[in-house]
1. Write out, first by first residue and then by second, each pair whose Cβ atoms fall under 6 Å of each other, whose residues are 6+ apart or on separate chains, and whose first residue, in segment 181-209, is on the phi > 0 side of the Ramachandran plot while the second is more than 13 Å from ligand 1 (Cβ to nearest atom).
2. Looking at segment 44-79, which of its residues are open to solvent by 30 Å² or more (accessible area, probe 1.4 Å) and away from ligand 2 (no atom under 16 Å from the Cβ)?
3. I'm trying to understand the selection: among the residues of segment 76-95, which are assigned to a helix (DSSP H, G or I) and farther than 21 Å from Pro153 by Cβ?
4. Residue check: is Gln236 farther than 19 Å from Gly280 by Cβ, polar (S, T, N, Q) and within 27 Å of the chain's Cα centre (by Cα)?
5. So which residues in segment 347-362 are within 12 Å of ligand 1 (Cβ to nearest atom) and open to solvent by 30 Å² or more (accessible area, probe 1.4 Å), if there are any at all?
6. Could you count how many residues in segment 423-466 are over 21 Å from Asp380 (Cα atoms) and polar (S, T, N, Q)?
7. Find the residue count for segment 154-186, including only residues that are assigned to a helix (DSSP H, G or I) and closer than 10 Å to Leu201 by Cβ.
8. Would you check if Leu294 is open to solvent by 60 Å² or more (accessible area, probe 1.4 Å) and either assigned by TED's automatic domain parsing to the domain that holds Met226 or over 28 Å from Leu188 (Cβ atoms) (or both)?
Amino acid sequence: MTGGLEGYDAVAEANAQKSVLAIHWSRICERLKAEVGEVEYRTWLRQITVGPVEEDEITLYLPTRFLRDWVRGQYGDRLGTLWNAEVPAIRRVELQVARPGSASAPAQADGAAAAAPANSEDAAPRVAAAPAPAHEEPRHAEVRSDLAAPLDPRFTFDTFVVGKPNEFAYACARRVAERPSSPGFNPLFLYGGVGLGKTHLMHAIGAELLREGKVSVAYMSAEKFMYRFIAAIRSQSTMEFKEQLRSVDVLMIDDLQFLIGKDNTQEEFFHTFNALVDAGRQIVVSADKSPSDLSGLEDRLRTRLGCGMVADIHATTFELRISILEAKASASGVVVPAKVLEFLAHKITSNVRELEGALNRLIAHANLFGRPVTLEATQDVLHDILKAHDRRVTIEEIQRKVAEHWNIRLTDMSSARRARAVARPRQVAMYLAKQLTSRSLPEIGRKFGNRDHTTVMHAVTRVTELMEQDPAFAEDVELLRRMLES
Ligand code: ADP
Ligand code: MG
């Protein structure tokens, strides 16, 4: 694709995005109004301005910090759910403080309930043309906010829970934060699936470096990098853009896979990369795949990306999920019983983001209604999330995979044969069906040749025991689980 076309795409897309978002937002506002009532809506929610969407996150702006905190506390989850229901790709809502940017956005005082809108336009939900982020707190100078995204203060090394799947990436990130530009660690290339902590680690590096106050840091998504680059071309300020980028000590680019197929932006990134590394500056890059698997990136860029330290973040294990849940629950101050944490760690295995989302919703619910968190309440509050996860794997799939794994016939999953060579795999399949789906014991029994629910229960107990006694067997079962979940 040529640079020109890339530019058109960007503009067209930005415009389309804005109008689509406006439609969704007005629908969401209608629902919110119906849910919370006109007065509450006007007091708190009408002040929201819709900002950009990046990846799976939409930014909403509020004019003051107080409003932002209030709306986040009271409606944050609900906004997330409603956005997700409107636009499934949006999974997170970020609330930020910003003054209404353009002159066309009507200025509104806090507590707008008092000032009833004079015309319908005034009451209409707002989508920001170009919201001007307010400077909340003076940061220690050196985040290059002119060209970079702000760092999320929640993403630090302290709040990152370390376990087997991420310990190497964590160690590398820490090392880079301590001694940027060390040979062997430049660039640092972090990769792994979505929601596993890449962005968190990058922000943590940035936060740590800024705390030390020694260096200037620029962090941005590859997408933002592209938009900035295109904007610079259009305003004929590419030189300035380049100079800005090349003046930082640490440049972090998130989700580099976005640059696949964007040849001009890739080229620009490549030159920036080289200039910075040659000048002894640190680069940190993240992507969803390793450099060698990022087909579609230019070879020379791929080669250079693989020259420093490449660290992958693996899918979470049950243990890590439990640790993360424990850490987040205890930070929230809400008591979440171990049983509930285990339930969540079993059911929500896709990634940390979803796990966190589920826990946050539970906590919000507990806070809102002042009720203790129980297993029942959990199943109720997370009904939709749990259902969505169950849909991923069916009992038939489980039976097929397990039969393949132990080389038995699929029909033996429901046959009456009791030889151990078929009975054991069958028990494992029942166990996995219990773990990975929301089917009840009788339902599971029916799918295994109309067996009784006590047979399923026995299978679950037996497999659990065997996994404790026999590590090789446990590994087999875990492997099957991972294959089924992926
Ligand atoms: P990615 O960039 O890999 O898609 P993120 O860094 O955005 O994922 O992580 C998604 C969410 O999960 C964030 O809220 C992050 O704080 C949280 N998270 C991920 N891994 C961990 C971890 N090991 N400990 C604590 N929180 C984590
Ligand atoms: Mg990310």
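The values are calculated or read from the model by the stated rules, or taken from the named source; none is laboratory data. A quick note: this is a predicted structure, and the numbers were derived from the prediction, not measured. Reconstructed Cβ throughout: ideal geometry from the backbone, glycine too, with neighbour counts over all protein chains shown. To get the accessible areas, we keep the full protein, side chains included, count just its heavy atoms, and leave off ligands, DNA and RNA. Shrake-Rupley method; radii C 1.70, N 1.55, O 1.52, S 1.80 Å.
1. Hits for this filter: Ser181/Gly280; Ser181/Gln282.
2. Our first condition is that a residue be open to solvent by 30 Å² or more (accessible area, probe 1.4 Å); within segment 44-79, this holds for 44, 52, 54-55, 57, 63-66, 69-70, 72-74, 77-78.
Trp44, Pro63, Thr64, Arg65, Phe66, Asp69, Trp70, Arg72, Gly73, Gln74, Asp77, Arg78, listed by residue number.
3. Taking segment 76-95 and keeping what is assigned to a helix (DSSP H, G or I), we get 76-86.
Across segment 76-95, the qualifying residues are Arg78, Thr81, Leu82, Trp83, Asn84, Ala85, Glu86.
4. Details: farther than 19 Å from Gly280 by Cβ: yes; polar (S, T, N, Q): yes; within 27 Å of the chain's Cα centre (by Cα): no.
No, not satisfied.
5. Hits for segment 347-362 are Ser350, Arg353, Glu354, Glu356, Gly357, Asn360.
6. 6
7. From segment 154-186, those assigned to a helix (DSSP H, G or I) are 164-178; that's our starting set.
Right, trim to closer than 10 Å to Leu201 by Cβ and you get 166, 169-170, 172-174, 176-177.
Of the residues in segment 154-186, 8 are assigned to a helix (DSSP H, G or I) and closer than 10 Å to Leu201 by Cβ.
8. Values: open to solvent by 60 Å² or more (accessible area, probe 1.4 Å): no; either assigned by TED's automatic domain parsing to the domain that holds Met226 or over 28 Å from Leu188 (Cβ atoms) (or both): yes.
Answer is no for this residue.
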